[in-house]
Amino acid sequence: MGQITATWNKTIKEFLRQKTVLFWTIGWPIIWVLIGSFSFTSNVPSETLSYARGAISISMMVFALMTAGMANLPGNIAQDRERGLLTKVMSMPVSPWRDFIGRILALLAFSGLSAMLVIAVGFACGARFFFTEIDFGFALVFILLIFVGSAGIGMLIGTFVKHVHGAIMSGVGLTVVSAALSGVMTPYAYLPSVLQDFARIYPISSANSAITYLLVGEEYAGYNPLSTSQPVLTALVALLLFVLGLITYSRFCWKKE
Amino acid sequence: MKFNQICCYYNLLFERVKSIQTFAVLAEKVTKEYGKKEVLKEVNLKISKGEFYALMGPNGSGKTTLASILASVKLPTSGKIQIFGKKPEDAKKITGYVPQENFSSPLLTGKENLMYFAGLLGYSKREAAEIVEGLLNKVGLWEDANKRVSHYSGGMRKRLEVATILFPSLKLLILDEPTTGLDPSARRKFLGLVQELRNEETTILLVTHIGADADLASRVGLMDKGAIIAEDQPERLKKSSGLENVVNIETSIKNEKVANLLSKFSEKMKVLETETGYRVFTEDVEEATPKIVRSLDQIGCKAIRIETAKPSLEDVFFKLTERKVREVD
């Protein structure tokens, strides 16, 4: 059993055993899938209803991934620091990189589980998707980019916000506000032009649009997020956030005074 | 002449190597500064292999900083440190550190917590399971091994955390204020466990502000304002302080007038205020006690309880610094 496995085991168990984490990451998006599928779709023609429900389910899946990365990860880091576990681990022959990989893999597993549950509930509510195998493959890549971008932001919050509640609240706040402003929870077409620009730069929103475009269709995405430069921009910004978060975490969280 | 010089040189070198090998902890002129604040002032510390050393001092005296430097969690500003002849950074595999905080995860069971630390130390799953079983037995938590730590009492949690430094590869155990917050029964149980850890191979450094805990050590260093102000065996420290007898008085009133009156009977040092009364340091207890009761009575203060005791390490610290080790006695 290596350091990565040990950290993975510990982190995933902590995620799965915290009721608040389960509620905000899985329960809350599922509630919105239910509300959205049955209340917000009353004016939608019956032939497109299942796709509208599909788009809602994708948005809520993205919201679940955002909460996992941007609130649960910093909460977990801050918790370990606040209760002295990070001090204890620093006194042991542990590599920060292995600790980081263990944490990220646990987050990936938890995010994956949350995403699957949200989509499964959406499917049960009548959501349907229309895609080829290649579309599905690309959608998975964009899901991974959402995970990477959220985890990067989460590491930044976890490094700089020292207290557990502060880290969680900052993460939840940023998730809700950025999801509302960038078109994850609001249709892209309804956003003012400034926010539409933001939605294209913010990798989580542009990846959300790309997944919707690939699995449901352009009219639900609001624009073509797969046009020449957009996917490159999405990938670059997501990776940049991740690298920034990683450097900050390994430099500052593990810094010896 | 030249031959003699060479012999002398090799002798010195041999002595140096020997001293490095014998000492589990060797700290020379260690300083630590946070901005302009000097937390450690050229601290020298030598702890022999197999020794049980207690570092005692009030909050803010620098003992936790020193312990965390030895545990390679913090860096010194200057000075030299060796743990079994190695730099602290290179001695992590043989150093076990229990910080002040309750670092175990309340969401995991006791067994899962220990399995996590076994994994961090690089044990295989099978090896880890065997060792963890032994450790849980050793700290008396086998029956509660599968309970979540959130259901543990403070004492159980501390014993679990001590188990994280009992893995076989660890030779230097650093415990930072492990008994703080424990009730008397849990504290006694915990100290019993620490006593059991003493052997020729294991060196223990206990950081504490409780005299009774430090009393268990083979040697005690009293720390104040970033420096070790006295260091010896507990009994010798008490003897060398010149304190012989202490009268513990529980009084009905506590004020300056009572303290001033009692200070006339405390020939050896200043009267020490406690939670319920005062500690008076006198040579002849039998002669002084009735006089104290009478005098207190004359100023309208009742002596509710009087008992004689031997001086504690906290008294020694008070004598040296005129400051209490802890606020509540």
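Scanning region B:152-178 for residues that are in contact with a strand residue (DSSP E or B) (Cβ under 9 Å, 6 or more places away or on another chain) and either part of a helix (DSSP H, G or I) or closer than 10 Å to B:Gly110 by Cβ (or both) gives B:Lys158, B:Glu161, B:Val162.
More than 30 Å from A:Leu86 (Cα to Cα), basic (Lys, Arg) and assigned to a helix (DSSP H, G or I), is that true of A:Arg200?
yes
Buried (at least 22 other Cβ atoms within 10 Å of the Cβ), at pLDDT 95 or above and more than 7 Å from chain A (Cβ to nearest Cβ), is that true of B:Asn146? No; evaluated as a whole, the condition is false for this residue. All of B:Gly122, B:Gly181, B:Gly140 fail the test of being more than 27 Å from the chain's Cα centre (by Cα) and part of a loop (DSSP other than H, G, I, E, B), apart from B:Gly122. Look at (1) in a helix (DSSP H, G or I); (2) within 14 Å of chain B (Cβ to nearest Cβ) and you find that A:Ala115 fails only one, number (2). When B:Leu45, B:Leu55, B:Leu66 are checked against the criterion of being under 15 Å from A:Glu257 (Cβ atoms) and touching a strand residue (DSSP E or B) at 6+ places or on another chain (Cβ under 8 Å), a single residue qualifies: B:Leu66.
Contact map, region A:230-257: first residue within 14 Å of chain B (Cβ to nearest Cβ), second residue of a type in the set (A, V, I, L, M, F, W, C), Cβ cut-off under 6 Å, separation 6 or more or different chains; pairs are A:Lys256/B:Leu75.
In this entry, A:Leu65 is excluded by the filter for residues that are more than 14 Å from chain B (Cβ to nearest Cβ), modelled with pLDDT of 95 or more and under 30 Å from B:Val98 (Cβ atoms). Listed by position, the helices (runs of 4 or more DSSP H) enclosed by region B:212-325 that each have at least 1 residues that are within 28 Å of B:Arg198 (Cβ to Cβ) are B:234-240, B:313-321.
Assess whether A:Leu73 counts as being within 16 Å of the chain's Cα centre (by Cα) and within 14 Å of chain B (Cβ to nearest Cβ). Criteria not met by A:Leu73. When A:Gln3 is tested against (1) in contact (Cβ under 8 Å) with a residue 12 or more places away in the chain; (2) under 21 Å from the mean Cα position of the chain (by Cα); (3) within 14 Å of chain B (Cβ to nearest Cβ), exactly one condition is not met: (2).
For region B:208-234, residues that are more than 30 Å from B:Lys36 (Cα to Cα) and either among the hydrophobic types (A, V, I, L, M, F, W, C) or not assigned by TED's automatic domain parsing to the domain that holds B:Gly57 (or both) total 4. Among the residues making up region B:47-97, those that are under 19 Å from B:Val194 (Cα atoms) and among the aliphatic types (A, V, I, L, M) are B:Ile47, B:Ala54, B:Leu55, B:Met56, B:Ala67, B:Ala71, B:Ile94. In this structure, does A:Asp135 turn out to be among the acidic types (Asp, Glu) and in contact (Cβ under 8 Å) with a residue 60 or more places away in the chain? It is true that A:Asp135 is among the acidic types (Asp, Glu) and in contact (Cβ under 8 Å) with a residue 60 or more places away in the chain.
Is it the case, given these coordinates, that B:Val220 is in contact (Cβ under 8 Å) with a residue 24 or more places away in the chain and closer than 18 Å to B:Asp284 by Cα?
Taking the combined requirement at face value, the residue does not satisfy it.
In this structure, is B:Phe117 surrounded by fewer than 20 Cβ atoms within 10 Å (Cβ to Cβ), of a type in the set (Phe, Trp, Tyr), more than 7 Å from every other protein chain (Cβ to nearest Cβ) and over 29 Å from B:Phe318 (Cα atoms)? Spelling it out, it is not the case that B:Phe117 is surrounded by fewer than 20 Cβ atoms within 10 Å (Cβ to Cβ), of a type in the set (Phe, Trp, Tyr), more than 7 Å from every other protein chain (Cβ to nearest Cβ) and over 29 Å from B:Phe318 (Cα atoms). The set of residues in region B:179-213 being among the polar types (S, T, N, Q), modelled with pLDDT under 85 and surrounded by 14 or more Cβ atoms within 10 Å (Cβ to Cβ) consists of B:Thr180 alone. Checking A:Gly154 against (1) free of Cβ contacts under 8 Å to residues at least 24 places away in the same chain; (2) part of a helix (DSSP H, G or I); (3) of a type outside the set (A, V, I, L, M), which test does it fail? Going through the list (1) free of Cβ contacts under 8 Å to residues at least 24 places away in the same chain; (2) part of a helix (DSSP H, G or I); (3) of a type outside the set (A, V, I, L, M), A:Gly154 breaks only (1). Against the conditions (1) surrounded by fewer than 18 Cβ atoms within 10 Å (Cβ to Cβ); (2) more than 10 Å from chain A (Cβ to nearest Cβ); (3) more than 30 Å from B:Ser312 (Cβ to Cβ), B:Ser124 satisfies every one except (2).
The values are calculated or read from the model by the stated rules, or taken from the named source; none is laboratory data. Bear in mind the structure is a predicted one, so any value in this text is a computation, not a measurement. Note that each Cβ is placed from the backbone with ideal geometry, even for glycine, and that neighbours are counted across all protein chains shown.
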